[in-house]
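Q: First the structure, which I've put down as C-alpha cells, then a few questions once you've had a look.
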Amino acid sequence: MTSTVFITGATSGFGEACARRFAKAGWSLVLTGRREERLNALCAELSRQTKVLGLVLDVRDRKAMEAAIEGLPPEFDKLRGLINNAGLALGADPAPKCDLDDWDIMVDTNVKGLMYSTRLLLSRLIAHGKGASIVNLGSVAGNYSYPGSHVYGGTKAFVGQFSQNLRCDLQGTGVRVTNIEPGLCESEFSLVRFGGDKARYDATYAGADPIQPQDIAETIFWVMNQPAHININNIELMPVSQTLAGFAIERSKG
Ligand code: NDP
Ligand code: 8X3
C-alpha cells in the first residue's frame with residue numbers, strides 16, 4: 001500500500017523540500033500552507049509524480065484545521081507520516097524591544113499549531129501503527145541560548161519536550177516521534193524573521209555554507225524510513241561553520 005505523509009508548511013524551505021523528496025520515493029502527499037498560489041503550483045508539479053492533496057490552511061486556526069482534517073478524502077486519510085514543519089521566528093531584537101504581537105504569533109504557530117496538527121492526526125497515525133512517524137521541527141534554539149532568541153527558542157524547547165512526552169504516551173502504538181533540531185539553514189526563514197530585509201537575509205548566510213532544505217529533507221526521509229522497531233529520538237545538526245557561542249560576560253569599566 002502507498003504510504004501517505006502530511007506536511008505542514010510545504011510552500012517553501014524544508015516543507016517544500018520534504019514534499020519533493022517523498023514524492024520522488026512515491027509517497028502520497030497532503031501539503032499545507034497559507035500561500036495558495038505557491039501551494040497550487042507545487043501540487044500541480046508533484047501530481048505528475050504522485051497523488052497530492054493541497055490544503056490552504058493556517059495552522060493557528062484550530063477550527064479550520066479540525067474541518068480540513070475531518071474532511072480528508074479516503075485516499076489521503078490513512079497516514080504513515082506527519083511532518084510538523086510550519087513555523088517561524090519574528091525579529092531578533094532584545095526582549096525589551098520586542099513586539100508582543102510577534103511573540104503571540106510565534107507561540108500560536110510553533111506551539112499551538114503543532115499541537116493541533118498532532119492531536120488531530122494522532123488517531124490516523126495510531127491506526128497505521130508500526131512504522132508510522134511524527135517528525136517535529138525543533139531547533140538548536142530550543143537547546144542553547146543566544147541573544148534575540150527568547151520566545152522563538154522557548155517555542156522550540158517546547159517542541160523538544162513535547163516530542164519526548166509524546167513518545168511516552170504512544171508507547172505500544174508503534175508510532176515513532178522524532179525531533180529534528182537544525183542550526184543555520186538557508187531558507188525564507190530569515191527573510192520572514194527580518195521582516196523581508198533582503199540585505200540582512202543575505203548577510204545571515206554569507207560565507208557560511210549553511211545547511212540547505214534538501215539536506216533536512218534527506219535527514220527526515222532517512223528518519224522515517226528506519227526499520228519499524230527503531231525510534232530516532234532527536235537529531236541536532238549544524239553547518240560545520242557554526243559552533244556554540246559560548247558564555248557572555250559583562251565586565252565593569254572601572
Ligand atoms: P520557511 O520560512 O522557508 O518555511 C516555513 C513554512 O511554514 C512555510 O511553508 C510557511 O508557509 C509555513 N508557515 C508559517 N506559518 C504558518 C501558519 N501560520 N500556518 C501554516 N503554515 C505556516 O522556513 P524553514 O523551512 O527554514 O522552516 C521550517 C521549520 O524549521 C520552522 O518550524 C522553523 O522554525 C524550523 N527551523 C528552521 C531553521 C532555519 O535556519 N531555517 C533552523 C531550525 C529550525 P506559508 O507562509 O505559505 O503559510
Ligand atoms: C533556526 C536556527 O540558529 O536561527 O531555528 O535559531 S537559529
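The values are calculated or read from the model by the stated rules, or taken from the named source; none is laboratory data. From a predicted model like this one, the values you see are computed outputs, not experimental measurements. Methodologically, a virtual Cβ is constructed for each residue, glycine included, from the backbone with ideal geometry; neighbour enumeration extends over all protein chains shown. Note: accessible area is taken over every heavy atom of the protein model, side chains too, but ligands, DNA and RNA are not part of it. Shrake-Rupley method; radii C 1.70, N 1.55, O 1.52, S 1.80 Å.
Q: What percentages make up the Cα-Cα pair-distance distribution of segment 66-132 when the bins are 5 Å wide from 0?
A: 3, 15, 20, 19, 13, 10, 8, 7, 5, 1
Q: Compare Glu37, Glu45 by solvent-accessible area with a 1.4 Å probe and give them largest first, with all protein chains kept in place.
A: Working: Glu37 160, Glu45 70 Å².
Result, largest first: Glu37, Glu45.
Q: Once both axes come from the Cα atoms, what is the angle between helix 213-224 and the longest principal axis of the chain, in degrees from 0 to 90, rounded to 10?
A: The answer is roughly 50 degrees.
Q: Further question on the same structure: Compute the angle between helix 36-46 and the longest alpha-carbon principal axis of the chain, please, reported from 0 to 90 degrees and rounded to the nearest 10.
A: Relative to the chain, helix 36-46 is tipped by roughly 50 degrees.
Q: Run the numbers for Arg38 and Ser123: contour at 0.36 nm per residue of separation, minus the present Cα-Cα distance, in nm.
A: Details: separation 85, 0.36 × 85 = 30.60 nm, distance 2.93 nm.
Contour length minus Cα-Cα distance gives 27.7 nm.
Q: Can you list the equivalent-ellipsoid semi-axes of segment 129-235, largest first and in whole Å, using the square root of 5 times each Cα gyration tensor eigenvalue?
A: Equivalent ellipsoid of segment 129-235: 30, 16, 9 Å, largest first.
Q: Over the chain, what lengths in whole Å, largest first, do the semi-axes of the equivalent ellipsoid take, defined as the square roots of 5 times the eigenvalues of the alpha-carbon gyration tensor? Working shown, then result.
A: Values: eigenvalues 191, 79, 64 Å².
In descending order, the three semi-axes are 31, 20, 18 Å.
Q: Using only protein heavy atoms and a 1.4 Å probe, report how much of Glu66 is accessible, in Å² to the nearest 10.
A: Surface open to solvent at Glu66 totals about 60 Å².
Q: Full extension from Arg251 to Tyr205: what is 0.36 nm times the residue separation minus their Cα-Cα distance, to one decimal in nm? If you can, show how the numbers build up before the last one.
A: Numbers: separation 46, 0.36 × 46 = 16.56 nm, distance 3.06 nm.
Working it through step by step, the gained length comes to 13.5 nm.
Q: Within segment 160-185, list the residues whose amide N lies under 20 Å from a label point set 7 Å along Cα→Cβ of Val240.
A: Only 182-185 fall inside the zone, counting backbone N under 20 Å.
Q: So what are the three principal axis dimensions of segment 104-170 from its Cα atoms, in whole Å, longest to shortest?
A: Principal extents (Cα only, largest first): 43, 21, 15 Å.
Q: Over the Cα atoms, compute the radius of gyration (one decimal) and Dmax (the largest Cα-Cα distance, rounded to a whole number) for segment 54-99, in Å.
A: Cα-based Rg and Dmax for segment 54-99 come out at 16.0, 49 Å.
Q: Ok, one more. Working out 0.36 nm times the residue gap between Asp93 and Asn231, then minus their Cα-Cα distance, what length gain in nm do you get to one decimal? Could you put the intermediate results ahead of the total?
A: Values: separation 138, 0.36 × 138 = 49.68 nm, distance 3.70 nm.
So the chain would gain 46.0 nm between Asp93 and Asn231.
Q: For segment 19-159, with only Lys/Arg (+1) and Asp/Glu (-1) charged at the beta-carbon, what is the dipole magnitude about the Cα centre, in debye rounded to 20? Before the final figure, lay out the partial values.
A: Details: 19 positive and 15 negative charges, 157 e Å.
The dipole of segment 19-159 has a size of about 760 debye.
Q: Hey, another quick one. Report the residues of segment 217-254 in range of a label on Gln164: point 7 Å along Cα→C-beta, backbone N strictly under 12 Å from it.
A: 234
Q: In Å and from the alpha-carbon atoms only, list the Rg and Dmax of segment 25-85.
A: Reported Rg and Dmax, both Å: 11.6, 32.
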